[in-house]
Amino acid sequence: MTKSELIDVLARKQSHLAYKDVELSVKTMLEHMSQALASGDRIEIRGFGSFSLHFRPPRVGRNPKTGETVSLPGKYVPHFKPGKELRERVNRTEPVTEAVAADGGSL
């Protein structure tokens, strides 16, 4: 599901809210989450999961075009750890209803 598909689904389910309000809410939430991660903060959403940064140490890579070895610096990458409720929901044995995209196709 893309961000625009999420906004469409939420706007349809929350018909008392204007599409622009839903769009602003989603974009604002994602922007604040990105800023928090960029500043090194951990984000925890109970029942859903947590977002944090993991450090990838420096390593030696290879340029696929030339075959030359290249030293790659260490870096931080975003990491998501699902919460217990989300893991249980995903692993239920019940049949999953197929999600429908905003254009009527399946996701």
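The values are calculated or read from the model by the stated rules, or taken from the named source; none is laboratory data. Owing to the predicted nature of the structure, the values given are computational and were not obtained by experimental measurement. A quick note on method: Cβ atoms are made from the backbone with ideal geometry, for glycine too, and the neighbour counts reach across all protein chains shown.
For region 1-92, which strands (runs of 3 or more DSSP E) that fit wholly inside it have 2 or more residues that are surrounded by 11 or more Cβ atoms within 10 Å (Cβ to Cβ) and within 21 Å of the chain's Cα centre (by Cα)?
43-45, 49-56, 75-82
Consider only pairs whose beta carbons are under 9 Å apart and that are at least six residues apart or on different chains; among these, list those whose first residue lies in region 55-69 and is within 25 Å of Arg42 (Cα to Cα) and whose second residue is assigned to a loop (DSSP other than H, G, I, E, B).
Sorted first by the residue in region 55-69, then by its partner, the pairs are Phe55/Gly74; Arg56/Gly74; Pro57/Gly74; Pro58/Pro73; Pro58/Gly74.
Taking the conditions exactly as written (closer than 20 Å to Tyr76 by Cβ and touching a residue at least 12 places away in the same chain (Cβ under 8 Å)), does Leu10 satisfy them or not?
Taking the combined requirement at face value, the residue does not satisfy it.
Can you pull out the residues in region 38-54 that are modelled with pLDDT of 95 or more and touching a Gly at 6+ places or on another chain (Cβ under 6 Å)?
Phe48, Gly49
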